[in-house]
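A short write-up of the structure that comes next.
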Amino acid sequence: MPRESPKARIIIIEVNESDSLADVVRELGFFETAKNVFHGGAHSVGDRYEVSGQAGAVGPNAHAQDNGFAQLRNEQGAKIDLGQLAAELQTLRTAMRGAAVTPEHDLSVGYVAQAQVAAEGGNESGALEHLKKSGQWTLGLAKQIGVHVAALAISHSIAG
């Protein structure tokens with residue numbers, strides 16, 4: 001004779017905070033032992049991942065290789081290291097002057113120079129506003145020469 005599969009009952013009951021879960025179960029006529037009783041909010045079964053910020057790999061069997069991360073801001077609203085940004089913008093501006101071939105490139109060099117002056121003066125929002133105008137060519141060159149804080153600031157400025 002085939003063995004009977006165990007039965008499962010899933011019951012969702014909405015109760016007031018003042019109600020006792022045991023009283024509600026008793027009133028409904030459940031006299032069996034209750035297993036896996038959850039109360040007080042939503043519960044999930046299985047894998048759950050909450051990533052806040054950058055992540056190279058998350059979850060079972062995840063793998064990340066040869067990644068570089070630079071963080072512009074964290075969730076607590078930390079400021080950009082303006083000294084680091086100004087130094088990297090100097091390096092970027094020098095590279096841009098050597099690579100500029102169009103009038104648009106020359107304008108981008110000017111925006112980076114304005115951003116550098118703003119960063120040196122402690123004006124984060126001004127620096128970001130000028131970097132926003134510097135464009136994709138500037139971002140590509142920043143990534144190419146490895147000025148990560150500047151590249152991240154440009155990327156966030158353009159996206160924002």
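The values are calculated or read from the model by the stated rules, or taken from the named source; none is laboratory data. This is a predicted model, so every value here is computed, not measured. Neighbour counts are summed over all protein chains in view; Cβ atoms, including those assigned to glycine, are modelled from backbone coordinates with ideal geometry. Note: areas computed on protein heavy atoms with side chains; ligands, DNA, RNA excluded. Shrake-Rupley method; radii C 1.70, N 1.55, O 1.52, S 1.80 Å.
So here's what we get for this one:
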{"item": "Label-point separation in nm, residue 64 to residue 148, each point 7 Å along Cα→Cβ", "result": "1.1 nm"}
{"item": "Whole-Hz ³J(HN,Hα) from phi, Karplus 6.51 cos²θ - 1.76 cosθ + 1.60, for segment 120-137, glycine and proline x", "result": "4, x, x, 9, 4, 5, x, 4, 5, 5, 5, 5, 4, 7, 6, x, 5, 4"}
{"item": "Share of carbon and sulfur in the accessible heavy-atom surface of segment 76-117 [1.4 Å probe, %]", "result": "57 percent"}
